[in-house]
Structure formats: C-alpha cells, structure tokens
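A short worksheet on the structure shown next.
The values are calculated or read from the model by the stated rules, or taken from the named source; none is laboratory data. As the structure is a prediction and not an experimental result, all values here were calculated from the model. Please note: Cβ atoms are built from the backbone with ideal geometry, for glycine as well, and neighbour counts cover all protein chains shown.
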C-alpha cells in the first residue's frame, strides 16, 4: 500500500487558529473596516506650491482610514505631449482659450492638471477614486490615458473612464484587511454624450442602455465584492429640459424627463436594489441630506473637498454654499455600513488674502478644506441634520460631529 501524503491546508490552519483565539463556542469577529468618503476634488494647482500643510486637519482622518474615496474632477496632462496644452496655459483661468484641435474634450477651459495633483491626493491617503465626471474628457483620450497612468503610478484604485466603454463601466476592486470593496463610477453631466461616450461611463436620462449597462456592472461587483460603492457625478442643467419636446433629445444627449431630481432618486434606488451597498453623488456645489434606503446610505450630493479656481470675486457662488463641506467616516461591518460620523469642513474662500495676490496667485490658493470649528461647524451640521430629516433620517450632533447609527442593511 502506498503512503498517503500529508497535505497542509493553510486555510484550515488559519481557521483553527482563529477559532482558538476567539475561544470555544464564540463566533469569530465580523470583518470591519473604516471608509472615509470626501466631497469632490477640483484642484487645479498642487497646493503644496502655496501652503505648508494643505488639508492638514483632515490628514489624520484620511490616513487613519482603511479606504479614502473622492472624485478626481480633473484631466491629467500627459508627460509626453501635455495632450496639446501649451506651456503658457493657465489652468486656474482657462486662458488662453484653446483652439478645437488643442482642446479635444468637452470644456472651453479644460482642467488640465499636472500628475503631481494625483500624487498629492494619494499622499493624503486617498486610495480609491472615481475618474468619471464632466471634466474626465477635457483632454480627450490623451487625458483619460494620462489620468489612469497617474492613478496607477500612485497606487490609486479607480473606475469610470478607460480606453473604451467596457473598461470605463467595469467595476474596480480594492481589498483591505480581508474586505473587498467594489466601485462602479459614472457621470450624468451636461456635456455631449456622443463625444465622451466611448471613454467615460455615462448614464444619460432616458437612455435605457446606459441604465442597463450600469445595473449589470453593479450586479457583477456585488457577486464578487463584500461591499459595493456606486458613484454618480450628477450635474445637469435642469432648465435645458424646458424647451425639449418629451421623447426628444437635448443637445447633450439626454432624453427629456419631467422630474430630474426624481429621476436621480429612481436610479439611485435601482442601483441599491441591484446590490450596491451605498450610493454617493457629487456634482452640485453644496451637499444634500442623507437617506437610508433599505438599510443602505443614499447620498445624492456630497459637496466639495476642494473647489479651486472659481470666479475671483468673493461671494460670487454663495447661493450654492460651495464653501461648506463634509467628511463621512463610515464603519463597515460584515458588508454593511453600521455607523457614519460626519466631520464639518470649511472650504477657504480666500477673503483674508484676496488683496495680496493677482487672480492667478489667488485662485491657486483658495478653495481647500479644513475642519470647521465653533459656530461654522454648528451651522454646517445643523443644516445636514435638517436636510437629512426631510428623508426621514435622524442624526445626533455631539462634540461638533454628526453621528448616524445605521440599522438594517444586509
């Protein structure tokens, strides 16, 4: 009779060791990670050129998390040819205006940033990003490729844009502490669908193929990952629908819907029904309240982390409240969000130093977030509490933080 070989089962040994550590009769601890979700990042110039410690009060929160997520709302210039952008181009002003052959994308003043902006965000702790938004294709396919290359070089997992629509729609995966996070990212913007559709994952209103493709990507991610984020850069001009006959398309490719906000809600809920663990959106300059749908967070708008390069005038955008933001620190246990702690942020409008700089120097410095304090923090959190109450969500404010205990989920 031959000798039966002894097979060492590593997984079995690990399981036995875990059981002995927990103790006889006790269930092993549920896997738990911390996810920080930030507002969108629109940074046109590396902040380290102007400030000693930009985002310094946020850094401990971001670097203490297992996963930190934002939307990268810029297009990286290629180190090879700068994607046709001339050396004298000033990104914060969008000047000089570029000829069509120099601006293959969808913006008159492209957010054409150096790869150091991606490196800076990665150094803060951001390791998961959407690159799907209305500026993703500002430099055409060259910019999409350069943005992806910069993310890869800095160890950032990303989704939402690629060499073709299949790659742009495909889920991205990041595993931390034994928990796999899936990300599907898309834009619903006011730019031409036909122009960017091949390179950026978009969901245009009334386009069933867009909807079906994205829901299938969510199902794919849910079948593989422990936790799935669906991100949507939701930025459309509602007024443009007023002059469109029902059933006809707008100039940018949307099909008229009677209620744009209701359309977003219906789509976000369909995403969660398809298996997403949470839905989060950016695009509007401010934040909205938090809804818990079937035990899972539904965040329509989450404002900004950085808003660099707006109009030089102080107060120009006050109606949108773009200078108030939030960080959401989420505890994820057993594949579901069980707790969210919101930190209020104040984005620097730059009033204190406006007179010391010309437009370029001023805009290169403004719009970065730090943790809000005192009355400003109280005001931001009270607004979040009231907006969330409209969705039936109760937040508790303690020590200038808002806390939401999430019940339900998986």
Within region 46-65, residues within 13 Å of residue 121 (Cβ to Cβ) and surrounded by 15 or more Cβ atoms within 10 Å (Cβ to Cβ) come out as 46, 47, 54, 55, 58, 62
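For (1) part of a loop (DSSP other than H, G, I, E, B); (2) more than 20 Å from the chain's Cα centre (by Cα); (3) in contact (Cβ under 8 Å) with a residue 60 or more places away in the chain; (4) on the phi > 0 side of the Ramachandran plot, each residue gets a yes or a no:
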| position | (1), (2), (3), (4) |
| --- | --- |
| 33 | no, no, yes, no |
| 36 | no, no, yes, no |
| 41 | no, no, yes, no |
| 51 | yes, yes, yes, no |
| 71 | no, no, yes, no |
| 80 | yes, yes, no, no |
| 86 | yes, yes, no, no |
| 93 | yes, yes, yes, no |
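Listed here are the residues, each with its yes/no results for (1) in a loop (DSSP other than H, G, I, E, B); (2) buried (at least 16 other Cβ atoms within 10 Å of the Cβ).
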| site | (1), (2) |
| --- | --- |
| 184 | no, yes |
| 198 | yes, no |
| 211 | no, yes |
| 221 | no, yes |
| 228 | no, yes |
| 257 | yes, yes |
| 281 | no, yes |
| 284 | yes, yes |
Any chance residue 104 is in contact (Cβ under 8 Å) with a residue 12 or more places away in the chain, touching a helix residue (DSSP H, G or I) at 6+ places or on another chain (Cβ under 6 Å), assigned to a loop (DSSP other than H, G, I, E, B) and surrounded by fewer than 21 Cβ atoms within 10 Å (Cβ to Cβ)
yes
Filtering region 293-316 down to residues that are more than 19 Å from the chain's Cα centre (by Cα) and closer than 26 Å to residue 335 by Cβ, which residue is surrounded by the fewest Cβ atoms within 10 Å (Cβ to Cβ)?
294
Qualifying residues in region 386-409 (those that are free of Cβ contacts under 8 Å to residues at least 60 places away in the same chain and surrounded by 13 or more Cβ atoms within 10 Å (Cβ to Cβ)) - the one farthest from residue 296 (Cα to Cα)
400
Pairs with Cβ under 7 Å, 6+ apart, first in region 53-69 and in contact (Cβ under 8 Å) with a residue 60 or more places away in the chain and at positive phi, second surrounded by 20 or more Cβ atoms within 10 Å (Cβ to Cβ) and in a strand (DSSP E or B):
55/368; 55/369
In region 269-279, which residue that is assigned to a loop (DSSP other than H, G, I, E, B) and in contact with a strand residue (DSSP E or B) (Cβ under 8 Å, 6 or more places away or on another chain) is surrounded by the fewest Cβ atoms within 10 Å (Cβ to Cβ)?
275
Residues (assigned to a loop (DSSP other than H, G, I, E, B) and at pLDDT below 95) located in region 137-172:
137, 138, 139
Which numbered condition trips up residue 175, out of (1) under 20 Å from residue 214 (Cα atoms); (2) assigned to a strand (DSSP E or B); (3) free of Cβ contacts under 8 Å to residues at least 60 places away in the same chain; (4) out of contact with any helix residue (DSSP H, G or I) (no Cβ under 8 Å at 6 or more places or on another chain)?
(1)
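Rundown of residues vs (1) surrounded by fewer than 16 Cβ atoms within 10 Å (Cβ to Cβ); (2) touching a strand residue (DSSP E or B) at 6+ places or on another chain (Cβ under 6 Å); (3) farther than 22 Å from residue 229 by Cβ, yes/no style:
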| residue | (1), (2), (3) |
| --- | --- |
| 331 | no, yes, no |
| 337 | no, yes, no |
| 344 | no, no, yes |
| 347 | no, yes, yes |
| 351 | yes, no, yes |
| 364 | no, no, yes |
| 378 | yes, no, yes |
Output the residue which, of all residues in region 127-136 that are assigned to a loop (DSSP other than H, G, I, E, B) and more than 12 Å from residue 201 (Cα to Cα), is modelled with the highest pLDDT.
127
